[in-house]
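Worksheet: the structure to be examined is printed underneath.
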Amino acid sequence: MSPQTQPDPFMRDQWYPVSALQDIAAGTPRVTKLFGQRVSYRREADGACSASTEDRALPVLQRYGCLWTSLGTPGELFEIPEYTEADRRNVAAGTVAVQVSAQRGIENFLDMGHFPYVHTGILGALPHTEVKEYNVEETPDGREIIATECLFYQPMASTVSTSGADVEYIYRVPHPTCSVLYKSSPLDEKRLDVIALFGQPTGEESFRGHMVLSILDDVNTDDFISYFQLHIFGQDKPILENQMPKRLPLDPRAETPIRADKTSIMYRRWLTRHGATYGVIPAQG
Ligand SMILES: [Fe+2]
């Protein structure tokens, strides 16, 4: 067997989700992959979790409804302050395996331009295809990318929507394979729903996407919220799996830039600056 490609230090030294906590039956060991390596994990009856490779124990963290681990030396996991607000519904909405790099998954998550074509009648509708001007920048510490003032017409933006509306989005990319999206809540004009995609790179050209929501919804069941989110991701999956190349090219000239790609261009630069090579095609020179 050929040796696995090793993750670069930036990718290696991060926390990665391996499962929603609710999906781990106590006392039953489970196996998954991280960077092509076999990782076992388990949860005990008292809630304590552990993870290991064949030859060593790995650090673990329980956060945002998921079990996280790392093959390297991770720092602090990014904060989602809304997650602890008492009146929010925190839902681990599901995990989907996708045969394309995790960074491709994040790039697609950041792209509003595909809504009317891929999520027709839900997150977008023809002829409302325009991506209006928005802001994107790095936070002063360089640790994350944030896109603000993203406005997009949506016929059914969330589980509690009753009509179409221009929805405001904020995107955060605080981690190479995780993105946190904030969108205006139909129930409370001062607050934002949170939808996070946590990517687990199982290989260079495959990942598992764990979807976690922290939303204002006092109407629907967890099952329906999960169904809605899985339905949307189910529309993205075949599009993602048809992308060529399957790793994300970091050279800004590799793919035609349009305005909707402004966040994507910054994401690629950010990955380049941090020295990411795993799951991407590094820019030459
Ligand atoms: Fe999508």
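The values are calculated or read from the model by the stated rules, or taken from the named source; none is laboratory data. As the structure is a prediction and not an experimental result, all values here were calculated from the model. Cβ coordinates were reconstructed from backbone atoms using ideal geometry, including for glycine residues, and neighbour counts include every protein chain displayed. Note: areas computed on protein heavy atoms with side chains; ligands, DNA, RNA excluded. Shrake-Rupley method; radii C 1.70, N 1.55, O 1.52, S 1.80 Å.
So which trypsin sites (Lys or Arg not before Pro) in region 180-209 pass both tests, a DSSP loop state and at most 13 other Cβ atoms within 10 Å of the Cβ? Don't skip to the end; give the middle numbers.
Numbers: sites: 183, 190, 191, 208; in loops: 190, 191.
Taking region 180-209 and a limit of 13 other Cβ atoms within 10 Å, the loop trypsin sites (Lys or Arg not before Pro) found are 190.
Taking the Cα centroid of region 113-189 and of region 30-80, what is the distance between the two, rounded to the nearest whole Å?
Region 113-189 and region 30-80 have Cα centres spaced 30 Å from each other.
With no solvent and one equal point scatterer placed on each C-alpha of the chain, evaluate the Debye formula and give log10 I(q)/I(0) for q = 0.07, 0.08, 0.13 Å⁻¹, two decimals.
Once normalised to I(0) and log-transformed, intensities are -0.25, -0.32, -0.89.
For region 1-123, which whole-number percentage of the solvent-accessible area (1.4 Å probe, protein heavy atoms only) is attributable to carbon and sulfur atoms?
50 percent
Using +1 at the Cβ of each Lys and Arg and -1 at the Cβ of each Asp and Glu in region 50-151, identify which of 69, 80, 108 lies farthest towards the dipole's positive end.
69
Could you tell me which of 31, 123, 135 has its Cα farthest along the dipole of region 1-152 towards the positive end, charges placed at Cβ (Lys, Arg +1; Asp, Glu -1), taken about the Cα centre?
Farthest along the dipole direction, towards plus: 31.
How would you order 98-106, 221-229 from highest to lowest mean count of nearby Cβ atoms within 10 Å?
Numbers: 98-106: 24.9, 221-229: 16.0.
The peptides rank, most packed first, as 98-106, 221-229.
Please list the non-local residues whose amide H lies under 5 Å from the amide H of residue 39, H modeled 1.01 Å from N, same-chain partners needing a gap of 5 or more.
Under 5 Å from the amide H of residue 39 lie the amide H atoms of 32, 33, 34, each far enough along the sequence or on another chain.
What does the highest-first list of 263-274, 38-49 look like by mean Cβ count within 10 Å?
My ranking of the peptides, most packed first, is 263-274, 38-49.
Could you work out what % of the accessible surface of region 156-250 is carbon and sulfur, using a 1.4 angstrom probe and leaving DNA, RNA and ligands out of the count?
On the way: 1980 of 3700 Å².
Result for region 156-250: 54 percent of the exposed heavy-atom area is carbon or sulfur.
Nearest 20 debye, what's the magnitude of the dipole of the chain about its Cα centre given +1 on Lys and Arg Cβ and -1 on Asp and Glu Cβ?
So the dipole magnitude of the chain works out to roughly 840 debye.
Over region 175-285, how many percent of alpha carbon pairs lie in each 5 Å bin up to the one with the longest distance?
In order of increasing distance, the bins hold 2, 9, 16, 20, 19, 13, 10, 7, 3, 1, 0 percent.
What are the lysines whose alpha-carbon lies under 27 Å from the alpha-carbon of residue 246, with same-chain residues fewer than 8 places away excluded?
Hits, sequence-local ones excluded: 33, 237, 262.
Once you keep just the Cα pairs under 8 angstrom separated by 6 or more residues, what percentage relative contact order results for region 1-77?
Relative contact order of region 1-77: 36 percent.
Which one of 151, 173, 279 has its Cα pushed farthest toward the positive end of the charge dipole of the chain, where Lys and Arg give +1 and Asp and Glu give -1 at the Cβ?
About the Cα centre, the residue reaching furthest to the positive side is 279.
Residue by residue through region 232-237, which ³J(HN,Hα) values in whole Hz follow from phi under the Karplus form 6.51 cos²θ - 1.76 cosθ + 1.60 (θ = phi - 60°), with glycine and proline marked x?
5, 5, x, 6, 6, 3
Please list, or write none, the aspartates and glutamates whose alpha carbon is within less than 15 Å of the alpha carbon of residue 132, excluding same-chain residues fewer than 8 places away.
111, 149, 166, 168, 261
Helix-derived [θ] at 222 nm for the chain: sum -39500 (n - 2.57) over DSSP H runs of at least 4, divide by residue count, nearest 500?
-5000 deg cm²/dmol
Tell me the per residue accessible area of the chain using a 1.4 Å probe; a whole number in Å² is fine.
For the chain, the solvent-accessible area averages 46 Å² per residue.
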